[in-house]
Amino acid sequence: SLGRVDVDHVITRKMQLIAEAEQLKPAFMKEVDSHFTEFVNSLVAKSVLLDSSSSASLFPASCSEKELHKAKTLRAPPEHGKIFTARRSLLDELFEVSHIRTIYHMFIALLIVFILSTLLVDFIDEGRLVLGFDLLVFVFGKFPVVFCTWLCMFCATVTIPYNLFLWWAQGYCSSSHRVLRFQTAGLGFGPTYIAVSYALPPASRFIVILEQVRLVMKAHSFVRENVPRVLSSVKDKSSTVPIPRISQYLYFLFAPTLIYRDNYPRNPTIRWGYVATKFAQVLGSLFYAYYIFVRLCIPQFRNSSQETFNLRGLVLCIFNSILPGVLILFLVFFAFLHCWLNAFAEMLRFADRMFYKDWWNSTSYANYYRTWNVVVHDWLYYYAYRDFLWFFGKKFKAAAMLSVFTVSAAVHEYVLSICFGYFYPVLFCLFTCFGVVFNFTLNDRRKGPIWNVIMWTSLFLGQGVIICLYSQEWYARQYCPMENPTFLDYLKPRSWSCHMKM
């Protein structure tokens, strides 16, 4: 009985300690967070000083102290430029929690259900297992043309911008040449012409056009970041012009960032197992998207596109498209922003893995736009928003933000128009109309769970509209082709009048 009393006493004491620990936990976590924030800020400040001091090595040892001080200010201060630090992707950290990893397992289980459903339906209809992937073969067709086009684009991006910048930088110091104006007409026209003239299928066009946009943004960042450094060295009458090495430029072209720096934080080793896992997840996401289209999209739109266009059919189509639309959204985010970029970052030992933030927790569209794709957001902020802000003035932030929205919407619509082969500005209207309205109404002042629910609801509806309308237009152009289409025929929606010709 004494032993029993001792056990009860120990258990009671243990429960008291747990209760005291729970009471102290908030204060402890707040104190840890405060010290951690100070520690990170200190590291960032030291890294900026180290980076700025390293820029002095670009100048000869005979420079005066005044020149060296000016050399240290060649790069913008931290508040005026992006600072790269070593950090992991958020999902890599979250997947270490078993509860979050279970959600990942649920998506894998859903993929298995899609596969079994497709195999069973094919077995019942055909009497045999049909394992063909005709849709994937079609959308990724003409791959040799795609590879040759990409190789030409990449070689042009390597040679033309770098050599033009080198020629301008060296000539500027010896004469009063005007500031270099980099032209991207060739890179902007050539890939588009090949995609249209060779009638590349949709996925192949996406590869060509997205690479075109990426390389144009890379070249623009390289010029924008290095021209001010050359101008500063000339103004300081330095004998050494800070010109990046070709190896630094090549690294930047492959690095998962659109902001040029001479050096980035690097990891000591490459985890090839991690790289293989990420590429396997990209491949799995590709097959996931295939089964979503086969089971949820193609049967619906193949039949609905043959019906009369009316409001009832449109509403049903939009709500039936929400599930595949949301799944495609998750797959694009996971496959590209997490797996693809992390795989290349690992191979290049690129340490800054903040390609996205916790956009799923957003209670405002303003925060969603900032956190969904950090790589593109940084480029738009530093090279579009700040330029528009300089042009309009700091008092017209709304006009600068609206201009960035318009540019982003135009580029997105350009990509979709070339890849699908028709102009149907659904995404452009969603961006410039609803996107702008939600950005200013659902702003950062909106807090609380209800605003997160509103954000997700509107996002679900938007994905349903995009999948429904673009799919209807695709099938309408297959069912109602025109023998000699004019330019206006590419601009008019075929899905609105296709039933009249059937």
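Answer with yes or no whether Ala335 is farther than 25 Å from Val436 by Cα, open to solvent by less than 10 Å² (accessible area, probe 1.4 Å) and hydrophobic (A, V, I, L, M, F, W, C).
So Ala335 does not fit the description; no.
Please determine whether any residue of the range 477-484 is in contact with a helix residue (DSSP H, G or I) (Cβ under 6 Å, 6 or more places away or on another chain), in contact (Cβ under 8 Å) with a residue 40 or more places away in the chain and of a type outside the set (Ser, Thr, Tyr).
yes
When you check Val315 against the structure, is it more than 22 Å from Asn452 (Cβ to Cβ) and open to solvent by 50 Å² or more (accessible area, probe 1.4 Å), yes or no?
In short, yes.
What number goes with the only condition from (1) over 20 Å from Pro161 (Cα atoms); (2) surrounded by 17 or more Cβ atoms within 10 Å (Cβ to Cβ); (3) of a type in the set (Phe, Trp, Tyr) that Tyr260 does not pass?
For Tyr260, the exception is condition (1).
Can you give me the number of residues within the range 250-276 that are small (Gly, Ala, Ser) and part of a loop (DSSP other than H, G, I, E, B)? Don't jump to the end; show me each part of the working.
Filtering the range 250-276 down to residues small (Gly, Ala, Ser) leaves 255, 273, 276.
Filter once more, so that each one left must be part of a loop (DSSP other than H, G, I, E, B): 255.
Final tally of qualifying residues: 1.
Just to be sure I understand, how many residues within the range 192-206 are surrounded by 20 or more Cβ atoms within 10 Å (Cβ to Cβ) and in contact (Cβ under 8 Å) with a residue 60 or more places away in the chain?
4
Given (1) surrounded by fewer than 19 Cβ atoms within 10 Å (Cβ to Cβ); (2) not assigned by the TED database to the domain that holds Met401, identify the lone condition not met by Trp360.
With respect to (1) surrounded by fewer than 19 Cβ atoms within 10 Å (Cβ to Cβ); (2) not assigned by the TED database to the domain that holds Met401, Trp360 is out only on (2).
Please work out if Val415 is surrounded by fewer than 18 Cβ atoms within 10 Å (Cβ to Cβ) and within 29 Å of Leu200 (Cα to Cα).
Working: surrounded by fewer than 18 Cβ atoms within 10 Å (Cβ to Cβ): yes; within 29 Å of Leu200 (Cα to Cα): yes.
In short, yes.
One residue is enough: does the range 463-477 have a residue meeting the conditions in a helix (DSSP H, G or I), modelled with pLDDT under 85, out of contact with any Ser or Thr (no Cβ under 6 Å at 6 or more places or on another chain) and farther than 28 Å from Asp378 by Cβ?
The answer is yes, given that some residue of the range 463-477 is in a helix (DSSP H, G or I), modelled with pLDDT under 85, out of contact with any Ser or Thr (no Cβ under 6 Å at 6 or more places or on another chain) and farther than 28 Å from Asp378 by Cβ.
Would you check if there is a residue in the range 391-398 being open to solvent by less than 60 Å² (accessible area, probe 1.4 Å) and farther than 26 Å from Pro201 by Cα?
Within the range 391-398, one or more residues are open to solvent by less than 60 Å² (accessible area, probe 1.4 Å) and farther than 26 Å from Pro201 by Cα.
Here are some residues: Phe154, Phe189, Phe138. Which one is open to solvent by 20 Å² or more (accessible area, probe 1.4 Å) and at pLDDT 90 or above?
The unique qualifying residue is Phe154.
In this structure, does Gly435 turn out to be modelled with pLDDT under 90 and either over 20 Å from Gly325 (Cα atoms) or open to solvent by less than 40 Å² (accessible area, probe 1.4 Å) (or both)?
Here the answer is yes, as Gly435 does meet what is asked.
Take the residues in the range 438-460 that are crowded, with 17+ Cβ neighbours inside 10 Å and part of a loop (DSSP other than H, G, I, E, B); name whichever of them is modelled with the highest pLDDT.
Here the residue is Arg446.
If you scan the range 81-107, which residues turn out to be touching a residue at least 24 places away in the same chain (Cβ under 8 Å), open to solvent by less than 70 Å² (accessible area, probe 1.4 Å) and part of a helix (DSSP H, G or I)?
Residues satisfying the conditions are Leu90, Leu91, Asp92.
The values are calculated or read from the model by the stated rules, or taken from the named source; none is laboratory data. Only a predicted model underlies this, so the values are computations on that prediction, with no experimental measurement involved. Every residue, glycine as well, gets a Cβ built from its backbone with ideal geometry; the counts of neighbours run over all protein chains shown. For the accessible areas, the whole protein counts, side chains as well, though only heavy atoms, and no ligand, DNA or RNA atoms are used. Shrake-Rupley method; radii C 1.70, N 1.55, O 1.52, S 1.80 Å.
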